[in-house]
């Protein structure tokens, strides 16, 4: 029994490595782009903050992934392995291309596939909670950033504070950027770690015949194993993705970078703590960039002067790959009586 039990754990760790690579960009791209932090420090800081976030606030999102969409009794070795493997492949493609990707959306679609196949999908959770959140949160991020950019940032900019060398080189602002980077990583921990931990926790309860009252203990144990892999993924894939996004974020300046990080991380934390909805930090981050960019540069220029438009295609492709691969592997497993 030990060997098949280890297989989904290994895949979950591989997934966490891929998520760590993808999540590094929205967390530390501003600090990297402004040359505040050395490249070698980022994986360690990112991993620690993600781990703390997962332990403190990751429970509800893990329950959504592990129990909210597919009946927890169906989280077998084969199903969990298929879900985690499908997400890992879709994210690996995005990481190789150097494009930050929504791990949450890929994971949800990977869970939806076997749920549809076995006709056990919780449609209320998907259509009335998760999908609306995916639309509302990025929209809120864009609007908030636009309003702050237009009515708060622009007046400050006109007075010359944003181009002041004294302000931009101050240790207070640099420290604030690092603090925001850690805040974003903490928010990632409350939400994205659940993508790997949730299915593993449900699997453990089923296969080891553990009472539901011990669910939180299983979550903590799985988190202790999986969360540190985010730091490993950051060191392996993070540099390329941070390089792709860091310099364009810093195009807006250090003050804007703080605004972008605060809004996107706060919205992600809200989604994690209130309803436990797996949500894309990457999309919140890019929506915030667009919002403040439109206020500063205008709608057309934001797409001309940045590369955010190239991310949209991959945001559609990765969840589709995850869903199709998960559905196909579930079909094969069912044919060969491996479910």
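The values are calculated or read from the model by the stated rules, or taken from the named source; none is laboratory data. Predicted model, so just to flag it, every value in this text is computed and none were measured. Quick reminder, even Gly has a Cβ in these numbers, built from the backbone with ideal geometry, and neighbours come from all protein chains shown.
Numbers below:
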{"item": "Residue match in region 118-132 (condition: part of a helix (DSSP H, G or I) and farther than 26 Å from residue 79 by Cα)", "result": "yes"}
{"item": "Checking residue 96 against (1) under 18 Å from the mean Cα position of the chain (by Cα); (2) within 28 Å of residue 313 (Cα to Cα); (3) in contact (Cβ under 8 Å) with a residue 40 or more places away in the chain, the condition it does not meet", "result": "(3)"}
{"item": "Filter result (under 21 Å from residue 21 (Cα atoms) and modelled with pLDDT of 80 or more) within region 245-257", "result": "257"}
{"item": "Flag for residue 143 being under 17 Å from residue 265 (Cα atoms), touching a residue at least 40 places away in the same chain (Cβ under 8 Å) and loosely packed, with under 15 Cβ neighbours inside 10 Å", "result": "yes"}
{"item": "Condition met for residue 70 (without any contact (Cβ under 8 Å) to a residue 60 or more places away in the chain and crowded, with 24+ Cβ neighbours inside 10 Å)", "result": "yes"}
{"item": "Some residue of region 40-54 being part of a helix (DSSP H, G or I), over 18 Å from residue 102 (Cβ atoms), out of contact with any strand residue (DSSP E or B) (no Cβ under 6 Å at 6 or more places or on another chain) and at pLDDT below 85", "result": "yes"}
{"item": "Pairs where the first residue, in region 33-45, is more than 14 Å from residue 234 (Cβ to Cβ) and the second is buried (at least 20 other Cβ atoms within 10 Å of the Cβ) and modelled with pLDDT of 80 or more, C-beta under 6 Å, 6+ apart", "result": "36/177"}
{"item": "The one condition in (1) crowded, with 24+ Cβ neighbours inside 10 Å; (2) modelled with pLDDT of 80 or more that residue 266 fails to fulfil", "result": "(1)"}
{"item": "Test: residue in region 160-169 that is in a helix (DSSP H, G or I) and surrounded by fewer than 14 Cβ atoms within 10 Å (Cβ to Cβ)", "result": "yes"}
{"item": "Residue 292 farther than 30 Å from residue 80 by Cβ and at pLDDT below 75", "result": "no"}
{"item": "Hey, residue 220 surrounded by 14 or more Cβ atoms within 10 Å (Cβ to Cβ) and modelled with pLDDT of 90 or more or not", "result": "no"}
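Yes/no matrix, rows are residues, columns are (1) crowded, with 24+ Cβ neighbours inside 10 Å; (2) part of a helix (DSSP H, G or I); (3) out of contact with any helix residue (DSSP H, G or I) (no Cβ under 7 Å at 6 or more places or on another chain); (4) free of Cβ contacts under 8 Å to residues at least 24 places away in the same chain:
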{"position": "176", "(1), (2), (3), (4)": "no, yes, no, no"}
{"position": "185", "(1), (2), (3), (4)": "yes, yes, no, no"}
{"position": "195", "(1), (2), (3), (4)": "yes, yes, no, no"}
{"position": "209", "(1), (2), (3), (4)": "no, no, yes, yes"}
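For every residue, the table says whether it meets (1) surrounded by fewer than 23 Cβ atoms within 10 Å (Cβ to Cβ); (2) in a helix (DSSP H, G or I).
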position	(1), (2)
21	no, yes
37	yes, no
60	yes, yes
81	yes, yes
